[in-house]
1. Before anything else, pin down the relative contact order of region 1-119: Cα pairs under 8 Å, at least 6 apart, normalised by residue count, whole percent.
2. What are the residues whose amide H is under 5 Å from the amide H of Gly26, where those residues sit 5 or more places off or on another chain and H is modelled from the backbone?
3. Take Phe37, Phe47 and sort them by solvent-accessible surface of the protein heavy atoms, 1.4 Å probe, largest at the top.
4. For region 113-129, take each phi angle, set θ = phi - 60°, evaluate the Karplus expression 6.51 cos²θ - 1.76 cosθ + 1.60, and give the result in whole Hz per residue in order, putting x for glycine and proline.
5. Only four residue types carry charge here, +1 at the Cβ of Lys and Arg and -1 at the Cβ of Asp and Glu. Report the dipole size of the chain about the Cα centre in Debye, rounded to the nearest 20.
6. Using +1 at the Cβ of each Lys and Arg and -1 at the Cβ of each Asp and Glu in region 1-92, identify which of Tyr60, Gln1, Val70 lies farthest towards the dipole's positive end.
7. Can you work out the Karplus-derived ³J(HN,Hα) for every residue in region 37-49? Use 6.51 cos²θ - 1.76 cosθ + 1.60 with θ = phi - 60°, whole Hz, and x for glycine or proline.
8. Residue-wise, which Karplus ³J(HN,Hα) couplings in Hz belong to region 57-72, taking 6.51 cos²θ - 1.76 cosθ + 1.60, θ = phi - 60°, and x for glycine or proline?
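The values are calculated or read from the model by the stated rules, or taken from the named source; none is laboratory data. Remember, predicted model here, so these are calculated numbers, not experimental data. Cβ sites come from the backbone with ideal geometry, for glycine too, and all protein chains shown count toward neighbours. What goes into the accessible areas is simple: the full protein's heavy atoms, side chains included, and nothing from ligands, DNA or RNA. Shrake-Rupley method; radii C 1.70, N 1.55, O 1.52, S 1.80 Å.
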Amino acid sequence: QLALVESGGGLVQAGDSLKLSCTDSGRTFGSYAMAWFRQAPGNEREFLSSITWNGANTYYAESVKGRFTVSRDNAKNVVYLQMSDLRPEDTAVYYCAAGPLGTARTMSVMATRIPQDYWGKGTLVTVSS
């Protein structure tokens, strides 16, 4: 039922801000916890942030805490990742993923266990020096 699509990536300069979006064309968005991950070439997929089904709670990796903010608007079937003070090390493909209700807190360790249908295709963010 899920069909997640990320958008908003692009080429930016260090210090810039960028806002990513993830929409669910399957229109079951509000029934899932959501998370953002990223993956640089040759690296493992890295957890960034997650959010409960109603947006009541959010979680962040230490590497992006204070710079990235996750939010969602279930009425619009969209989850956002607002990124600020971007650095070259942030260059990666950014993915959104869905998890069952009650799993937002544990999605940080779920990258290798999330089924293919619960991932978007990714959007590339490139940060130049």
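1. On the way: 258 pairs, mean separation 39.9, N = 119.
Relative contact order of region 1-119: 34 percent.
2. Sorted by chain and number, the residues that satisfy this are Ala3.
3. Numbers: Phe37 0, Phe47 25 Å².
Putting Phe37, Phe47 in descending order of accessible area: Phe47, Phe37.
4. Whole-Hz 3J(HN,Hα) from phi for region 113-129: 10, 7, x, 4, 5, 9, 10, x, 7, x, 9, 7, 10, 10, 10, 8, 6.
5. On the way: 12 positive and 11 negative charges, 52 e Å.
With Lys and Arg at +1 and Asp and Glu at -1, about 240 debye.
6. Farthest towards the positive end: Gln1.
7. 10, 9, 8, 8, x, x, 9, 6, 5, 10, 5, 10, 6
8. Along region 57-72, the couplings run 9, 10, 9, 9, 5, 4, 5, 10, 4, x, 10, 10, 9, 9, 8, 8 Hz.
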